[in-house]
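Below is one structure, written out as structure tokens, with a few remarks after it.
Read-outs: derived from the displayed coordinates by stated rules, not from any lab. Only a predicted model underlies this, so the values are computations on that prediction, with no experimental measurement involved. Backbone-built Cβ (ideal geometry, glycine too); neighbour counts: all protein chains shown.
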Amino acid sequence: MELDELAKLIKTRSSIRHWQDKDVPEELLIKAIELATWAPNGGNQQNWRFYLIENRNTIRAIADAVQAAADKIVSWPEANQFGDTTKGLRERASFFRTAPAAIAVAAAQYQSPVDKILAAREIIDPAAREMRQWRLTSNTRIQSIASAVAYLLLILHQMGLGAVWMVGPTQSKGAIEKILKVPPELDFVAFIPVGYPDEAPVSRKRRPVMEVCEVIK
């Protein structure tokens, strides 16, 4: 693939939230996941697990769990100050219930040797405690999952499929882990509904690169 082709793939990908009522071949989704596992990850631990969900009843059960959590959040008096924002949260929480397929991502904890040293040392050493807090701001396993999901979205787009990266469903983490039978050593961290698009991709502008890039010479 030439650089211009890669640039076009990246720039034409967008989040898709409406899908055709059409099954996606399992082999396509398995291939997409397999390629996503080549993403960079902390210590090459590959401490992720992908749950390919083709059962629409299971997707609906997850949507129900997410909707129930959203309804509860919106019902709390603390939500009143956010007005229409919370109304939108309730209305959009479970839009993915019509998706033909979905991919849930779970991850195991990862602690590098440096993390273990700092965790042991921080009890007696404020400098070690500060270093550990700095490292926690760039959680390794979440960065690993993020790199894999970014790969996955581009691969699905190249296949002619539409998907959206969701972390909102983590508000129903416990229920979703029960539905998917996620083992206790893993945590559900991301959800990607996928199917053949039934909407035109939305072209979104990006800020000029030099507004977000500082060159240090």
Set Lys and Arg Cβ to +1 and Asp and Glu Cβ to -1, take the dipole of the range 3-212 about its Cα centre, and tell me which of L52, A119, S172 lies farthest positive. A119
Among Y151, N80, A99, which residue has its Cα positioned farthest towards the positive end of the charge dipole of the chain, with +1 placed on the Cβ of Lys and Arg, -1 on the Cβ of Asp and Glu, and the dipole taken about the Cα centre? N80
Taking square-rooted eigenvalues a ≥ b ≥ c of the alpha carbon gyration tensor, is the range 15-145 rounded, prolate or oblate, where a/c under 1.5 means rounded and, failing that, a/b exceeding b/c means prolate? oblate
Express in nm, to one decimal, how much length is gained between T170 and T58 on full extension, taking 0.36 nm for each residue of separation and deducting their alpha carbon distance. 38.7 nm
Given Cα pairs under 8 Å that are at least 6 residues apart, what percent is the relative contact order of the range 3-212? 37 percent
In order over the range 183-190: 3J(HN,Hα) from phi, Karplus 6.51/-1.76/1.60, θ = phi - 60°, whole Hz, x for each Gly or Pro, gives x, x, 7, 10, 10, 5, 10, 7
Protection proxy (average C-beta count within 10 Å per residue), highest first, orders 49-61, 3-15 as 49-61, 3-15
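Can you tally the net charge around L29? Count Lys and Arg as +1, Asp and Glu as -1, for every other residue whose Cβ sits under 13 Å from the Cβ of L29.
Result for the local shell: -4.
How much FRET efficiency would the formula 1/(1 + (r/R0)^6) give for R206 and I124, where r is the Cβ-Cβ distance and R0 is 41 Å, rounded to 0.05?
Result of the calculation: an efficiency of 0.30.
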For K72, list the aspartates and glutamates whose Cα falls under 17 Å from its own Cα; do not include residues on the same chain fewer than 8 positions away. D64, D84, E91
Arranged from highest to lowest average of other beta-carbon atoms within 10 Å per residue, in what order do the peptides 31-43, 132-144 appear? 31-43, 132-144
To the nearest 0.05, how large is the calculated FRET efficiency for L3 and K72 if R₀ is 45 Å and r is the Cβ-Cβ distance? 0.40
